[in-house]
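This report concerns only the one structure given below.
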Amino acid sequence: MKVIKNINNNISLCLDSRNNEVVAFGKGIGFTKPPYDVPLSKIDRTFYDVDEEQLAVLKRIPEDVLEAAAEIVDLANEKMDNQFRENVVFTLADHIDFAIQRYRKNINIKLPLFYEVRQLYPGESELGRQALDILKKRLKVSLPREEAAAIALHFVNYKAQADTAPDIDYGSLIEQATDIVEQELNVTVDRDGFNYYRFVTHMHYMMKRTLDDTMIDSQNRELFESMKKEYPDIYSCAVKVAALIDQKLQKHLSEEEILYLILHINRLCAREDCDR
């Protein structure tokens, strides 16, 4: 494997035997000035399809944090049947580094609710708990247990995104939907709050159901009409979000899906995740 650029002492940008760019991890591989050939025996990990944003994370994040994130992703794939591409290491490392910075500066921000996440996502929550053990062992930092919930939701959202079609920018679409909620209801959504994580996850699965033509349809017309009357502003907001989804996916949301949108928007704005 040919090293073409060193990122730090142990991470380099390389070309494989087919001339594909690959980021390689290996002890000391970044000490030699490129270009040069590095034996495969010195390579511990490789990452393909690394974009500019991920490269920026590599340059900014301490190596020990990257290594800890890689170990956590290995554990996640072991526990959950290899559902996660290795490149999730970069976003997870970025999250962990920011959490450590907050902790060391005694900056406390509202984190997702520990007990509620544990109840809804037991597998991911156990993974988050084990992740804190890895961080304590590797980095000598004891993050609060609430961070286990944040790490758990990192994997929950990744799975939700992975289950949707790759040719649609779901992140941008959900951000547009959130903008509609803020504008229509005159609120500011807390994007670090648990209910927002749940809203994002619901949006991903709703769009997947829509594209797969498996939308929820339980004929719950009575509840739908009741919610329209009880929450007219939220209903109006949900209709505008649904129109956005209809336009982007070229599909028409069912009344039942709009009903669930009403419920999620109401939860998002009626509890701790919005400032009015």
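Using amide H atoms built 1.01 Å from N in the peptide plane, name the residues 5+ places from Ile7, or on other chains, whose amide H lies under 5 Å from its own.
Long-range HN contacts for Ile7: Ser12, Leu13.
So for each of 131-141, 232-242 I average, over its residues, the number of other beta carbons within 10 Å; can you give me the resulting order with the highest mean first?
Those peptides, ordered most packed to least, come out 232-242, 131-141.
How about Lys137: which aspartates and glutamates have a C-alpha closer than 13 Å to its C-alpha, ignoring those fewer than 8 places off in the same chain?
Of all the aspartates and glutamates, those that pass the test against Lys137 - Cα under 13 Å, at least 8 places apart if same chain - are Asp64, Glu67, Glu71.
Enumerate the lysines that Lys33 could reach by cross-link, defined here as Cα to Cα under 20 Å, with residues fewer than 8 away along the same chain left out.
The qualifying lysines are Lys2, Lys5, Lys42, Lys59.
Taking the convex hull of the alpha carbon atoms in region 1-159, what volume per residue do you get, in Å³?
Details: hull volume 18.9 nm³, N = 159.
Expressed per residue, the convex hull around the Cα atoms of region 1-159 is 119 Å³.
Could you state the accessible area per residue of the chain in Å², with a 1.4 Å probe and every protein chain left in place?
Per residue, the chain has an accessible area of 53 Å².
What does the C-alpha gyration tensor say about the overall shape of the chain? Classify as rounded when a/c is under 1.5, otherwise prolate if a/b is larger than b/c, or oblate.
Numbers: a/c = 2.52, a/b = 1.83, b/c = 1.38.
Note, shape of the chain comes out prolate.
Grab the beta carbon distance between Phe31 and Arg145, set R0 = 51 Å, and tell me the FRET efficiency rounded to 0.05.
So the FRET efficiency works out to roughly 0.85.
Tell me the mean residue ellipticity at 222 nm calculated for the chain from its helices only (DSSP H runs of n ≥ 4, each -39500 (n - 2.57), averaged over every residue, nearest 500). Working shown, then result.
On the way: 11 runs with 163 residues, N = 276.
Helix-only estimate at 222 nm: -19500 deg cm²/dmol.
For Lys248, list the lysines whose Cα falls under 30 Å from its own Cα; do not include residues on the same chain fewer than 8 positions away.
Cα-Cα hits under 30 Å: Lys159, Lys208, Lys228, Lys229, Lys240.
Could you check how much of the accessible area of region 11-71 is carbon and sulfur, as a whole percent, using a 1.4 Å probe? Intermediate results must be reported in sequence, preceding the final value.
Details: 1700 of 3590 Å².
Exposed carbon and sulfur together represent 47 percent of the surface.
The values are calculated or read from the model by the stated rules, or taken from the named source; none is laboratory data. This structure is a prediction, so every number in the text was calculated from the model and none was measured. Using ideal geometry, Cβ is built from the backbone for each residue, glycine included, and neighbour counts are taken over all protein chains shown. Surface areas here come from the heavy atoms of the whole protein model, side chains and all, with no ligands, DNA or RNA. Shrake-Rupley method; radii C 1.70, N 1.55, O 1.52, S 1.80 Å.
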